[in-house]
Amino acid sequence: MDDYNNRLNKLHSTLDILLKEYDRLPDAAYQVFSIEAEIRSFELRKDRLNLTFSHLNCSLCKQQITEEDEAVRLGLRGTFLICPRCIRTINQVKGTSELEEQIGLKSPGTIKQDCEGPLKPLQAECLVRKSEKCWLVHDVVSDLFYRVGRRRHNLLHSWIDELSERLNMLQDQKQLLEEIRSFIPDYHTQIYSLQYQIQDLQSKLDRIKGGKLPYRCSQCGVWIKEGGNPTFFGTYTICSNCKEVVSNVMTTSEAEKKHGLTAGTIRRDNSRGLLDKYKKHGLFRLSGKIWLVHDVVILDKYKELKGEEVPVTKRSEIPSDLAQRSASIFNRIMEGKRG
Ligand SMILES: [Zn+2]
Ligand SMILES: [Zn+2]
């Protein structure tokens, strides 16, 4: 066991170095992906040796809740648990005016317009969603689009596409050089250099697309096991659990419609202070001028919300400290780029 832990610690320090040098490192996204894949494989092997632990799981994302995690408890006898990662995800869903203020956009209504325009590719991943009359946008949209000067690049290209494009370009250059070789004095050196770069990129792409390596949700850090390659926006991707968590944040009018409550119920109960306990964790909160509420609040307050009473034993998920680390990776990369 110590061997595993030593090896894992080493991998983690390597990962830290890569993240620190992210902007200077060639093919940084690939390098990080690669180290993470190794960490994943070690975790799995370690897991197999360590089959005894049993834990509580988050009722939303199903990941383990460790002792350090301060889970929010709702529902019958507090059996419905929400982990800090899901709480964070929920709080990252914002109305357009809140987000505009946050990123300092001068002209109001910009994001609303963009939702139906350049931000459209994000709709399928629930990062942009219409809830009755309002558009709700996930925080990451500011990093993917607004903080890089409203460039569509991240929305249309993933880091994998970028490697592919570079490979095509190099192959094209090589072909051209071969065609006009007689005119180029240092033809040999150039061809060799291109050849090496092409080989390098090709082997990276083969490794990524081989389908054996895992991808991580940038939101919660869980390994994505669903079939096929997940959709990447730049280096960001989101798992189906997190998508569900995000899409269950809604305006009060959508919530009332969805659960057959009389229109205005939530606002009325809020003014009576009946929803205060949900505000503390942002499960019910004011975003600009609109109130946003997560589905669990409605279930807890007006319907029935039940978690699992029996702790789930042994899952092949990663320990959640690791999940947390990795969820923060994307943010650190983004912060590095900003700073
Ligand atoms: Zn969770
Ligand atoms: Zn996730």
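What the table below lists for this structure:
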read-out	value
Computed E for Gln202/Thr66 - FRET, C-beta separation, R0 35 angstrom, nearest 0.05	0.30
Where labels lie 7 Å past Cα in the beta-carbon direction, separation of Gln173 and Tyr187 in nm	1.8 nm
Overall dimensions of region 159-224 as given by Cα atoms, namely Rg and Dmax in Å	16.6, 55
For region 258-269, Karplus couplings with θ = phi - 60° (6.51, -1.76, 1.60), whole Hz, Gly/Pro x	4, 9, x, 8, 5, 4, x, 4, 5, 4, 4, 5
Neighbour cut-off at most 13 other Cβ (10 Å), DSSP loop, trypsin sites (Lys or Arg not before Pro), region 9-97	Arg24
Region 4-9 - phi-based ³J(HN,Hα) in whole Hz, Karplus 6.51/-1.76/1.60, Gly and Pro as x	4, 5, 4, 4, 5, 4
Relative contact order (percent, whole number), region 159-224, Cα cutoff 8 Å, 6+ residue spacing	30 percent
Sequence-distant aspartates and glutamates (8 or more away, or on other chains) whose Cα lies within less than 16 Å of Lys106	Glu98, Asp114
Charge sum, other residues only, whose C-beta stays under 14 Å from Arg129's C-beta, Lys/Arg counted +1 and Asp/Glu -1	-1
Selection from Ala124, Ala71, Leu15, by position along the positive dipole direction of the chain (Cβ)	Ala71
Under 5 Å, built H, 5+ apart or other chain: amide partners of Ser158	Gly234
Over the chain: helical MRE at 222 nm, DSSP H runs n ≥ 4 each giving -39500 (n - 2.57), nearest 500	-15000 deg cm²/dmol
Amide H contacts under 5 Å for Lys130, placed H, 5+ residues apart	Leu136
Amide H contacts of Ser287 (H built 1.01 Å from N, under 5 Å, at least 5 apart or other chain)	Leu292
Neighbour-count order for Thr96, Thr89, Thr14, Thr251, fewest beta carbons within 10 angstrom listed first	Thr14, Thr251, Thr96, Thr89
Nearby lysines by direct alpha-carbon distance to Lys133 (threshold 19 angstrom, same-chain neighbours under 8 apart not counted)	Lys94, Lys112, Lys120, Lys257, Lys258, Lys289
For the chain: Kirkwood Rh in Å [reciprocal of mean 1/r, alpha carbons]	22.5 Å
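Coordinate-derived values only; no laboratory data. Here the structure is a predicted model, which is why all the values come from computation and not from measurement. Glycine gets a Cβ as well: all are built from the backbone with ideal geometry, and neighbour counts include every protein chain shown.
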